[in-house]
Amino acid sequence: MDLTPYVDNLRHELAVAADAGGDDARALAERLTAPLESAARLTLLNALSAAMGEVTRELAPGSVDVRLRGLDPEFVVTPPPAPEPFREVREPVAAPAAPGPPPPPADADDGAMARINFRLPAHLKARAEDAAAAEGLSVNAWLVRAVSTALDGGARTSPQGRGKDSGSRGFTGWVR
């Protein structure tokens, strides 16, 4: 970021103010502009650093730093780390249960459907598409079944034999 236009504007404003004081004030203003340039640059850098500190607090864990390159500041943006993809750790199962047909939704008999807009991060969308394809379902059908299973307390057995009906214990989730 080039600070020169801002320092030049300050110099111009000082000259305009000195014109009102006559020739002596104008001469004094001209003598003061050179030493004031470095003070003005330092003040602007301090203001930029404080502003980027506030931006960094809002971006945490990302950050924005101000670095001096020559006479001009440079902004360095460090984005927050990308979340690591979730990987399920599976315990070996002696005899996995054969997946049964998915249970019908609890309220399937009324035939009424509702439409919603569902926003999903791209990495989760890709995983949902892969999971649906692996089970031979559309993404919509897979999501309906996933929501139904979640709302029914997860009572159905998962294809890996790790649901509540299989008797095994497992934990899934995120840890920091």
The stretch 43-87: radius of gyration and largest Cα-Cα distance (Dmax), Å: 13.5, 49
Rule-of-thumb Rg ratio for the stretch 1-94 [Cα; 2.2 N^0.38 Å; N residues]: 1.96
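We did not get these values from a lab; they are worked out from the coordinates using the rules stated. As the structure is a computational prediction, the values presented were derived from the model and not from experiment.
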